[in-house]
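See structure below.
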Amino acid sequence: MYCPKCNQHYRKKYSNIRLCACGYSFVFGHNDIIKDRLMLFLERKASQNGTHYFTMDTLYAVYQKLQIKPFPSVKRTTLSQNALAQKYQRWQKHSSLRSDKFIEKPSLQQPENPIGEEVFEYGVEQIIVVDEPLTVDLFVKNNKHLNKKAVIISSEGYPAYLKPHLQTLLQKQPNIKIGFLHKPLMTLIVHDFR
Ligand SMILES: [Zn+2]
């Protein structure tokens, strides 16, 4: 396996190696299906080299794409999303190379952190309704609401603090475009949705 930090290769006889000569501490071992270098690769793809926020869905979509066109070190065992999520949790907890762009839980509930409200100042041209609160976070943290001049809410009305703004908006612009984005599609197009 390879060190994700300095690319040093370790053969199987060093199967107990936990620490690379460069100082990097391995999260996974020789017997893990996913190794450190692959996890770093998945994360870089999901975050577009650290420039975008991503969720587990994004990471899994990247992983599944690799299964179609296998990366040299990917064994042909396909992990379920849950299995990958467990491994990723370990990586997030222990790797010094982990990304800070991972969104684990929705965090826009609090009005004191009203990310998304600024769109009302620039003029809203559409409302985008998504399936899950986490998808709202994903799009808003990646500034899709500004690029699309859109209010992004989940079908169950998250984040709730936007509700009065939405009511006013619908009164002022009753013919505003409303789009629905469902999750399977979203997972596929997350990189292209601008
Ligand atoms: Zn190293």
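Read-outs: derived from the displayed coordinates by stated rules, not from any lab. Everything quoted here is computed from the prediction, not taken from an experiment. Cβ sites come from the backbone with ideal geometry, for glycine too, and all protein chains shown count toward neighbours.
If each residue's Cβ is checked for other Cβ atoms within 10 Å, how do His94, His9, His145 rank with the fewest at the top?
Arranged by neighbour count, lowest to highest, His94, His9, His145 become His9, His94, His145.
Check the straight Cα-Cα distances from Lys65 and name the lysines below 20 Å, setting aside those fewer than 8 residues away within the same chain.
Candidates past the 8-residue exclusion: Lys35, Lys45, Lys75, Lys87, Lys183.
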